[in-house]
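Undergrad: Quick one: structure below, then a few questions.
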Amino acid sequence: MSESSESEAESGYLVPLGTYFPDMARANCRAVIVRGRADLPDDEYGLLESYCDDPSCDCRRVMLNVASREQNKILASVSFAFDPEDEMRGPFLDPLNHQSEHAFALLKLVEHVLQDTRYVARLERHYNMVKEAAAKQRRRRVAD
């Protein structure tokens, strides 16, 4: 892990799944191919997962950054909580991140994808894995 990644991990920022599990992030990226829709350009949209890696935080959330393959950039950032009782469960467009002109249509696309309960369960497993990896890394640093 790089020096900047280590300082990010200590501060509890949202970090991409690939920070701790690069192979898993590549292999498990959900992609949606869109063709012929009036509200979105034809493209392949990847849902890039980011999680809070502060082991003391129990936010139980994922940030799904929707990236365009054609444009090679993030067009929307969607926040989603795993706890159905969370008053800010979402999904919703994260107000702290830049949103493109297509963000609302991409939010609707993500809402559809999140109807897949197996996918949501996988996201929650990834959340727990990131928390465990961050805690393990911190314990190692304290022991050194």
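Undergrad: For each of 24, 88, count neighbouring Cβ atoms within 10 Å of the residue's Cβ, then give the residues from fewest to most.
TA: Exposure proxy ranking, most exposed first: 88, 24.
Undergrad: If the reach is capped at under 22 angstrom between alpha carbons, list the lysines near residue 108, excluding any in the same chain fewer than eight residues apart.
TA: Candidates past the 8-residue exclusion: 73.
Undergrad: 7 Å from Cα along Cα→Cβ at both residue 56 and residue 86: what's the point-to-point distance in nm?
TA: 2.0
Undergrad: What is the order of 131, 136, fewest Cβ neighbours within 10 Å to most?
TA: So the residues, fewest neighbours to most, are 136, 131.
Undergrad: In what sequence do 127, 45, 119 fall when counting other Cβ within 10 Å, fewest first?
TA: 119, 127, 45
Undergrad: Magnitude of the Cβ-charge dipole of the stretch 3-143, K/R +1 and D/E -1, about the Cα centre, nearest 20 debye?
TA: Dipole magnitude for the stretch 3-143 comes out near 460 debye.
Bear in mind these aren't lab numbers, they're just calculated from the coordinates by the rules spelled out. Nothing here was measured: the structure is a model prediction, and the numbers come from that model. Note: ideal-geometry Cβ built from the backbone for every residue, glycine included; neighbour counts use all protein chains shown.
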